[in-house]
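One structure is given here, and the rest of the page talks about it.
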Amino acid sequence: MPTIVIIGAGPAGMRAAETISRAGLVPILIDEAPRAGGQGYRTPASGISIDTHKLMGSQSKKYQQLHHDFLSIVSSIDYRPETLVWAIENNTLFTLSHNTIATIQFDCLIVASGATDRVYPMPGWTLPGVFTLGGMQLSLKDQGCAIGKKVVLFGSSPLLPLVALQYKNLGVEIAAICDTTGFAGKISALPSMVFSPGTFLRGLSYLASLTLSRTPLFFGVKPLSIEGDHRVRGIRFLTGSGQEKWIECDGVGLGYGLKPETQIADLAGAVFEPDEDLGLWLPRMDQDGRAGKNLYLAGDGAAIGGADAAEASGKLAALAALSSLGVYCDAKQQTRLQNTVRRLRAFQRGLARAFAPPQQFAETLADETVICRCEAIHAGTIRKALALSHTPPEMNRVKAITRCGMGRCQGRMCAPALQAMIIHHANQSLAQTGRLRGQAPIKPIPLSAAGETAP
Amino acid sequence: MTSSTETIIIGGGLVGVWAAYFLARRGRKVLLLEKGFIGAQSSGVNFGNLRLQGRHPDQYPLSLRSQGIWEQLPELIGDSCEYDRTGHLYCAFNSDEAEKLTAYAAVSRSHDLQIENLDRVSIKQRFPYIGKKVIAATFSARDAVANPRLATPATARAAQAYGAVMIENCEATQIEASDKGFEVHTQHGETWSCLYVINSAGAWAANIAKQFGEDVPAFAAGPPQFVTEPVPYRIVPSIQTIDGSVIARQIPRGNVILAGYPRTASDLAANRAPVPPRKTVAGMAALSEVIPSLRSCHVIRVWSGIEAYLPDMIPIIGPSETTPGLFHAFGFCGHGYQIGPGVGLCLSEWICDGQTPTPLEAFGIGRYRTTIAVSEKFKSEFDAGGANA
C-alpha cells in the first residue's frame, strides 16, 4: 500500500486525511500542534472553557462539522500531533517530536502548511503588547485570552473587522480600527468579489455591526509609531486627511493580510514564481494542487483562499493523489472541487487587492525601525548596505550582507518588509528581487535531539 | 568592438578580488569578470576560519604571508570585516590523534608559529566548556577568524577605489590566446583584449584550464554547515577536532557555527550545494560531545557551498604550462579562505615582477601531467566513493 503523508492538520490536511481514509488507505497526518484544527479552526487547550460557538460566529457550523468528521476517522489514520517536519531529502521526511528525531518514507506528500500574517514593521512594533492579527485570534481560540483590555487594530486586512468583532463579543474594548487602505480601494476590488458575494456581505456586516456600536474606524491612515516604555501605551498615526492622531491602548494587533507558509513546499522541491500582483512568491501547481511528482499543495499554504477553499483543496489534492496512485477515482467530484477552489481563491485575490499593503511603506519607514527582530537589524542598516556597491538588490545577497532574515524565523516575519525595501531602492520587479530560499531546519531544533536517535 | 586592458580576472571570489586589489594598487589596468555576484559562492559562504596550525607543510610561507594581510585589513581596505584574533584549539580524542597533533605542531613551530601543547588538565583550566572526550589539544594564538560574507565585497570596493574595474553578472564565455595575449568574449557580446588572464573561477575554473589543454580532475563539493541560535558568548577560539567531525566557532553576538566532514558533492550545473539532513544530525551529535553545554541550544539554519577539490587536497596556484600569460588559482580544497589574500598578492607579483618571493612550486598545475597520489585527507573527508558521493 502506498504511503501518503499529509503535513498540517488544519482544514485542508484534515479533509485530505478524511478523503484518503475513506478510500481505504491509512494516511500519516503530521501536525506541529497538539490538537487538530490549524490556526483558524483551532480547538481550545485542555482545561480552557471557551464559548466556541460565540467565538466562531457565522463559521461555527463549519467548524463543528470539520471537527466532527475528523473525529470519525482519526482512529483509522496514523495521526502524529506535536511533530515537526524540519527537513526533506528525496522521499524522506525528517521529523522532530518530543526531542526525538525520526524519519518517514513517503510515496506521496500532501503539504497543507497554512499561512502566517504578513507584517510591515513600524517603530515600536516589537514592544510587548503588539501582536499580529492572527496571533490575537489564536490567543482567544487557544487560551481564551485577549491581548489587552483596550486594543487598536492596525493594518490592511479583511481580518481587521473580524478580529474586532471577536474581541468585542468577549467584552474587550476596541479603541480603534485603523485601515491603511482607503475606502476607494475596496470598491475597486469589487468585480472579483462577485465570485463569492456571501463572504463579501459577511465582511460588510462586520463593519456595519462595528459602526453601529461606535467603534472608531479610520481609513487611509499612515503608521507613525507604537509607543511605550516596557509595553504598549498607545499608537500614533496620520489620519486619511493627514492629521496626527494618538490613541491610548494596551494592545495592538498588526496585520497586512496573509502569506502562505511555503518552506516545506520549498524543501519538497516546488518551483516558485513571482506574483507581482500580490507581492508574493508562490509555488507553481496545477488546478489539483500538484506541484511536482507525488507532491501536492493544499489550503492557505499553497495559495490564500480561506477556510472553505482549504477544505475543498485538501479533498481535491487527496483525490488527485489517490487517482494518480491508481487507488481511487472520482473525476466528477474532482471537477466540482476544482471549480470551488478556483472561485474562492479568485475571491481572496480580490480581497488581497482591496487590502493591499501600504505603498509608501519602504519610503517612509524610519531608519531606527527594527526590520528583522530575530537578528535586531534596523531599516537604516539595510538602507546603508543597499547604498554600497556590491550589495546587489537581491533578497539572499542583502540577507548575507546585513543578516536580515538570518535568524530563528528564517525571514518569515521580515521578508515582506525587506522585499519592499529592496524593490523600492532598486525600482525593480519582484522577479528581479528574488526570494529567501527555504533551508532546513525550517524551525529550530535542539542539538540534544541528535543524541537520542541515529536516523 | 574590442576594448583592452592589461589583466582580466575570471571569477570574483576572494582570490580574484585580492589579485585585482594588488594589481590596481600598483597602477595596473585590471578588469574582473564575475558570472554572478562578487563573493557569493564559496568565498562568501565558507566557515570563516583563518587557521594556521595543521596546514600542508609546503603552504606555510604563503599562509603566513596571507595572515599578515588579514592582520592589516583596516589599513589595506578600510574595513576589518569582523577579523578577530581568536586563536585556534586543535583537539584529539585518542592517543593516535594526539600524536598527529604533535607532528602538526612540529611543522608549525618550524615556521615560527607559537603552538601550546595542552593536556586534559590544562584544557579544563583554560577552556572549561570542552568535553571530557578531548584528551589533548594544541592552541595557536595567531589563528583568527573573519566574516566571509563581508570580506570579498569589501576588498572588491577597495580594489575599485584603486581603479580596478569589476563587472558582475557577466560570464566570460570564450577565452582565446592570440599572439598578442588574449581575447575574452563575454555573455553580453563584448570582446576584451588583454596580456594576462587569471583563472580564479573557483569550482568553475577547471573548465577554463581544460580549454587550454590543462585537464585536472577537479570536482565540486562542500562541507555541511549549520548555525545555532545566539547563546551567551564564551567560546572564544575556533575549536576543531582532528578527525574533522567538529569545526566550530562562536561569534561575539552568540551564534555557534559548525562545519564538519564528510563533505557532500555539489551540483555545479544547478548551482546547488545540498546539506543531507543526516549530516546535520551527525554534526549536532558531534558538537554536543565536544562542547556538552550546547546540547540545549537550537540549530536554526544549514548551508553549504560549491568549492573545487583536487585528489591531493592542495590547490593549483601558478602560471599555466601551456599558455604564457595565463595564471591559475583554483581548487582550494576547502582551505582557500585563509590563503586567498596571499594568493592574490603572489599573482599580482607574477604579473608585475615576473616572479613571486613566495615558494609555490608544490602547487603548479604541471603536477597533474603525472599520476597524483590521492591524499589521506581526501579519503577521510568525503563520503565513501569520494567524488561520486
#### Entry: Hits in the stretch A:364-374 - residues which are open to solvent by 10 Å² or more (accessible area, probe 1.4 Å) and not in a strand (DSSP E or B)
A:Thr364, A:Leu365, A:Ala366, A:Asp367, A:Glu368, A:Arg373, A:Cys374
### Message
Just to be sure I understand the filter: pairs with C-beta atoms under 8 Å, separated by 6 or more residues or on different chains, first member in the stretch A:132-153 and assigned by TED's automatic domain parsing to the domain that holds A:Gln166, second member among the acidic types (Asp, Glu) and open to solvent by 20 Å² or more (accessible area, probe 1.4 Å). Which pairs pass?
### Response
A:Gly148/A:Asp250; A:Lys149/A:Glu173; A:Lys149/A:Asp250; A:Lys150/A:Glu173; A:Lys150/A:Glu248; A:Lys150/A:Asp250; A:Val151/A:Glu173; A:Val151/A:Asp250
### Query
For B:Gln59, are the conditions met, namely being under 16 Å from the mean Cα position of the chain (by Cα), open to solvent by 30 Å² or more (accessible area, probe 1.4 Å) and not assigned by TED's automatic domain parsing to the domain that holds B:Glu116?
no
### Message
Checking the structure you have, find out if any residue of the stretch A:298-308 is part of a strand (DSSP E or B) and assigned by TED's automatic domain parsing to the domain that holds A:Glu89.
### Response
no
### Query
If you scan the stretch A:143-188, which residues turn out to be modelled with pLDDT of 90 or more and of a type in the set (D, E, K, R)?
A:Lys149, A:Lys150, A:Glu173, A:Asp179
### Query
Taking the stretch A:232-278 on its own, how many of its residues are open to solvent by 60 Å² or more (accessible area, probe 1.4 Å), modelled with pLDDT of 95 or more and not polar (S, T, N, Q)?
8
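Take the stretch B:235-253 and flag every residue that is surrounded by fewer than 17 Cβ atoms within 10 Å (Cβ to Cβ) and over 17 Å from B:Ile123 (Cα atoms).
From the stretch B:235-253, those surrounded by fewer than 17 Cβ atoms within 10 Å (Cβ to Cβ) are B:236, B:252-253; that's our starting set.
Of everything in the stretch B:235-253, those that are surrounded by fewer than 17 Cβ atoms within 10 Å (Cβ to Cβ) and over 17 Å from B:Ile123 (Cα atoms) turn out to be B:Pro252, B:Arg253.
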### Single unsatisfied condition, B:Val302 versus (1) surrounded by 23 or more Cβ atoms within 10 Å (Cβ to Cβ); (2) facing chain A (nearest Cβ under 7 Å); (3) of a type outside the set (Asp, Glu); (4) in contact (Cβ under 8 Å) with a residue 12 or more places away in the chain
(1)
### Message
Whether any residue in the stretch B:33-49 is out of contact with any helix residue (DSSP H, G or I) (no Cβ under 9 Å at 6 or more places or on another chain) and surrounded by fewer than 20 Cβ atoms within 10 Å (Cβ to Cβ) is what I want to check.
### Response
yes
### Summary
(1) surrounded by 15 or more Cβ atoms within 10 Å (Cβ to Cβ); (2) modelled with pLDDT under 80 all hold for A:Leu212 apart from (1)
### Message
Can you report the number of residues in the stretch A:396-425 which are open to solvent by less than 20 Å² (accessible area, probe 1.4 Å), in contact with a Ser or Thr (Cβ under 7 Å, 6 or more places away or on another chain) and under 22 Å from B:Glu82 (Cβ atoms)?
### Response
2
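Taking the options B:Val30, B:Val45, B:Val17, name whichever one is modelled with pLDDT of 95 or more and within 13 Å of chain A (Cβ to nearest Cβ).
B:Val17
Name the helices (runs of 4 or more DSSP H) wholly inside the stretch A:1-118 in which the number of residues that are among the hydrophobic types (A, V, I, L, M, F, W, C) and crowded, with 22+ Cβ neighbours inside 10 Å is 1 or more.
The qualifying helices (runs of 4 or more DSSP H) are A:11-22, A:60-73.
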### Task
Give the residues of the stretch B:204-214 that are surrounded by 18 or more Cβ atoms within 10 Å (Cβ to Cβ) and closer than 19 Å to B:Ala269 by Cβ, sorted by residue number.
B:Trp204, B:Ala205, B:Ala206, B:Ile208, B:Ala209
### Message
Exactly one condition in (1) over 20 Å from B:Ile167 (Cβ atoms); (2) in the same structural domain as B:Glu171 (by TED's automatic domain parsing); (3) part of a helix (DSSP H, G or I) is false for B:Gly27; which is it?
### Response
(3)
### Task
May I ask you to verify whether B:Thr186 is buried (at least 19 other Cβ atoms within 10 Å of the Cβ) and either within 14 Å of chain A (Cβ to nearest Cβ) or touching a strand residue (DSSP E or B) at 6+ places or on another chain (Cβ under 7 Å) (or both)?
no
### Task
Could you please give the count of residues in the stretch B:131-144 that are open to solvent by 10 Å² or more (accessible area, probe 1.4 Å) and touching a residue at least 60 places away in the same chain (Cβ under 8 Å)?
3
## Note on the structure
Within the stretch A:426-455, residues at negative phi, surrounded by fewer than 24 Cβ atoms within 10 Å (Cβ to Cβ) and without any contact (Cβ under 8 Å) to a residue 24 or more places away in the chain come out as A:Gly451, A:Ala454
## Note on the structure
The lone condition B:Ala285 fails out of (1) open to solvent by 10 Å² or more (accessible area, probe 1.4 Å); (2) touching a residue at least 24 places away in the same chain (Cβ under 8 Å); (3) within 14 Å of chain A (Cβ to nearest Cβ) is (2)
### Summary
Residues of the stretch A:139-161 being open to solvent by 40 Å² or more (accessible area, probe 1.4 Å) and part of a helix (DSSP H, G or I), in sequence order, are A:Gln143
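Determine if the stretch A:397-412 includes at least one residue that is hydroxyl-bearing (Ser, Thr, Tyr) and in contact with an Asp or Glu (Cβ under 7 Å, 6 or more places away or on another chain). Break it down into steps so the answer makes sense when it comes.
Filtering the stretch A:397-412 for residues hydroxyl-bearing (Ser, Thr, Tyr) gives A:402.
The next check asks that each one be in contact with an Asp or Glu (Cβ under 7 Å, 6 or more places away or on another chain); those that pass are none.
The answer is no, given that none of the residues of the stretch A:397-412 is hydroxyl-bearing (Ser, Thr, Tyr) and in contact with an Asp or Glu (Cβ under 7 Å, 6 or more places away or on another chain).
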### Task
Being open to solvent by 20 Å² or more (accessible area, probe 1.4 Å), over 27 Å from B:Arg55 (Cα atoms) and not charged (D, E, K, R) narrows it down to one of B:Pro128, B:Pro217, B:Pro232, so name that one.
B:Pro232
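Criterion first (among the basic types (Lys, Arg), buried (at least 22 other Cβ atoms within 10 Å of the Cβ) and either in a loop (DSSP other than H, G, I, E, B) or on the phi < 0 side of the Ramachandran plot (or both)) does B:Arg149 satisfy it? Spell out how you get there, then give the answer.
Numbers: among the basic types (Lys, Arg): yes; buried (at least 22 other Cβ atoms within 10 Å of the Cβ): yes; either in a loop (DSSP other than H, G, I, E, B) or on the phi < 0 side of the Ramachandran plot (or both): yes.
So B:Arg149 passes the test.
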### Message
Criterion first (without any contact (Cβ under 8 Å) to a residue 40 or more places away in the chain, under 24 Å from A:Ile7 (Cα atoms) and either open to solvent by less than 20 Å² (accessible area, probe 1.4 Å) or aliphatic (A, V, I, L, M) (or both)) does A:Ala309 satisfy it?
### Response
yes
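The values are calculated or read from the model by the stated rules, or taken from the named source; none is laboratory data. Note that the coordinates shown come from a computational prediction; the quantities given were computed from them, not determined experimentally. Cβ atoms come from the backbone with ideal geometry, glycine included; neighbour counts cover every protein chain shown. We work out accessible area using only protein heavy atoms, side chains counted, and drop any ligands, DNA or RNA first. Shrake-Rupley method; radii C 1.70, N 1.55, O 1.52, S 1.80 Å.
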